[in-house]
Amino acid sequence: KTKYSKLIFRKSDTIPEELHQMVQESFLTLREHNCFFQDLVRIKGKDFLTPVSRILIGNPGCTYKYLNTRLFTVPWPTESYDIKYCSPQIRDACKALMRLNDYLHIETVKALQGQNLFENKEIKDPAVIDRKQNFATSLMEQGFASKDQNSLCVPEDDRSLKNRTSYNLTLLNYMDPLQMLYLKQEPYFGMGNMAVSWHHDENLVERSAVAVYSYSCEDSSVQESNEQELKGRDPAVWHVGLKVAWDIETPGLAVPLHQGDIYLMLDDLNMTHQHCVLAGLSPRFSSTHRVADSSRGTLEYILGQCELALQNLQTDSDSMALSLKSLETAVVKQVEEIHNEVEFEWLRQFWFQGKRYLKCTDWWLKPMAKLEEFWRKLEIMTSLVLSEVRKEQQIEEQRNETINCFLLLLKERQKLRKEWTAR
């Protein structure tokens, strides 16, 4: 109650049966279409394949980065976006997960407001209580129908609450533990086999919630195991493990997860605590809904950065020759940083692993072609800087400052190109 108060657990029988059916069918559809992939992630300069297979589904143009790997969303059906799926079944699966996303958003808002009202019970101002209850009611009236969360009418005081609960994507996970040759043992509390080691979720909006729907394909062998007298956790059943970060004195927590159970990690729990996933015996899917930090991770953002960089490129109306408007160090630095970002955070990341998602949709191909066009212009701008700094009429002090700044970014580019070629 004191150390894990921001972990909220919902058993499957509290969730609408229709939603269970849609979501569980979507998991199986995506597996049948071979849409789950192991990610090649980079830890301390070395590449590792994740034991868990994943797919990212969410708002069009959103990405999610973890362990130096950027995943690109398979977009769920969103009004005003033209999204072509490889099959109607995949479209239905994405739509079901968007419905789940909306449902979890409402449940998270209710859970957070319930905690706030409980924690602030000494506040008797009826206006505050009424406003909060009205907001929760307006959300509830929408049910879990597929609506754009951003279209909700939110009172000013509740903006922060909405920003921290409006999930923009879900990272789906799938693992069959019996297919794994080796699973690490949980090292601190003797909790058994781990499917995912202790970690914080990365790249999230500060103090944002995480909501997880768990679906383990339980069979009779698991039921038999449940009947045995066991000390500690039942090794046949999947669990989520939690512990206080950098603290192994406080007892860890292992919560069993059955078909259709949900848990919510509210407020700053993801920062103050670490969590792991403890493997059972049966295959398991999970849908982990997050508020990904989209400040630098959306298609809209990177296209905006490209437009900003190209403001320094001009074309002569007569000769059509290209030239730079400014050679100021700050301008050159900004353009070359954007050049590196486009190449290494987007193009190389996508073509390294993102093309796997062509099994679901080709939505990202046009944006990537557009980014490649921008990248070619950025390469021309780099050449133009080199040409200009070779000219002797440049003021020496300004020339040296530009070269020093420029050289650092070119060395970084060369180093990263070598690393990506090796990968």
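Key figures
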| quantity | calculated |
| --- | --- |
| Residue check, LYS366 under 30 Å from TYR85 (Cβ atoms), modelled with pLDDT of 90 or more, among the basic types (Lys, Arg) and out of contact with any Pro (no Cβ under 6 Å at 6 or more places or on another chain) | yes |
| Test: TYR4 is within 20 Å of MET265 (Cβ to Cβ) and under 15 Å from the mean Cα position of the chain (by Cα) | no |
| Number of the condition not met by ASP39 [criteria: (1) open to solvent by 30 Å² or more (accessible area, probe 1.4 Å); (2) within 27 Å of TRP364 (Cα to Cα); (3) in a strand (DSSP E or B)] | (1) |
| Members of the stretch 310-369 that are among the small types (Gly, Ala, Ser) and either more than 30 Å from ILE90 (Cβ to Cβ) or touching a Cys at 6+ places or on another chain (Cβ under 9 Å) (or both) | SER317, SER319, ALA321, SER323, SER326, ALA330 |
| Residues that are in contact (Cβ under 8 Å) with a residue 60 or more places away in the chain and surrounded by fewer than 14 Cβ atoms within 10 Å (Cβ to Cβ), drawn from the stretch 177-187 | LEU178, MET180 |
| Selection from the stretch 57-79 of residues that are within 14 Å of THR298 (Cα to Cα), in a loop (DSSP other than H, G, I, E, B) and open to solvent by less than 10 Å² (accessible area, probe 1.4 Å) | GLY61, THR73 |
| Residues that are in contact (Cβ under 8 Å) with a residue 60 or more places away in the chain and basic (Lys, Arg), drawn from the stretch 336-372 | ARG348, ARG356, LYS359, LYS370 |
| Answer from LYS411, LYS377 - the residue that is assigned to a helix (DSSP H, G or I) and under 22 Å from GLY304 (Cα atoms) | LYS377 |
| Enumeration of residues in the stretch 1-32 that are open to solvent by 70 Å² or more (accessible area, probe 1.4 Å), modelled with pLDDT of 95 or more and polar (S, T, N, Q) | THR14, GLN21 |
| GLU218 open to solvent by 70 Å² or more (accessible area, probe 1.4 Å) and either in contact (Cβ under 8 Å) with a residue 12 or more places away in the chain or not in a loop (DSSP other than H, G, I, E, B) (or both) | no |
| Any chance SER287 is at pLDDT below 95 and under 25 Å from ALA111 (Cα atoms) | no |
| Residues that are open to solvent by 50 Å² or more (accessible area, probe 1.4 Å) and either over 23 Å from ASP247 (Cβ atoms) or hydroxyl-bearing (Ser, Thr, Tyr) (or both), drawn from the stretch 188-204 | TYR188, ASN203 |
| Scope the stretch 83-94; condition over 28 Å from LEU278 (Cβ atoms) and either in a helix (DSSP H, G or I) or outside the structural domain of TYR167 (by the TED database) (or both); matching residues | PRO88, GLN89, ILE90, ARG91, ASP92, CYS94 |
| Unique residue being among the hydroxyl-bearing types (Ser, Thr, Tyr), in the same structural domain as HIS273 (by the TED database) and modelled with pLDDT under 95 when the list is SER208, SER225, SER216 | SER216 |
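Table: residues versus (1) of a type outside the set (A, V, I, L, M, F, W, C); (2) surrounded by fewer than 16 Cβ atoms within 10 Å (Cβ to Cβ); (3) assigned to a strand (DSSP E or B).
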| position | (1), (2), (3) |
| --- | --- |
| LEU49 | no, yes, yes |
| VAL52 | no, no, yes |
| ILE55 | no, no, yes |
| TYR81 | yes, yes, no |
| ALA96 | no, no, no |
| GLU107 | yes, no, no |
| LEU112 | no, no, no |
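Matching residues to (1) within 17 Å of GLU379 (Cβ to Cβ); (2) among the hydroxyl-bearing types (Ser, Thr, Tyr); (3) free of Cβ contacts under 8 Å to residues at least 40 places away in the same chain; (4) in contact with a His (Cβ under 8 Å, 6 or more places away or on another chain):
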| residue | (1), (2), (3), (4) |
| --- | --- |
| PRO283 | no, no, no, no |
| SER287 | no, yes, no, no |
| ILE302 | yes, no, no, no |
| LEU313 | yes, no, no, no |
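The values are calculated or read from the model by the stated rules, or taken from the named source; none is laboratory data. Because the structure is a prediction, the values reported are computed rather than measured. As a convention, Cβ positions derive from the backbone with ideal geometry for all residues, glycine included, and neighbour counts pool all protein chains shown. Side chains included, ligands, DNA and RNA excluded: accessible areas come from the protein's heavy atoms. Shrake-Rupley method; radii C 1.70, N 1.55, O 1.52, S 1.80 Å.
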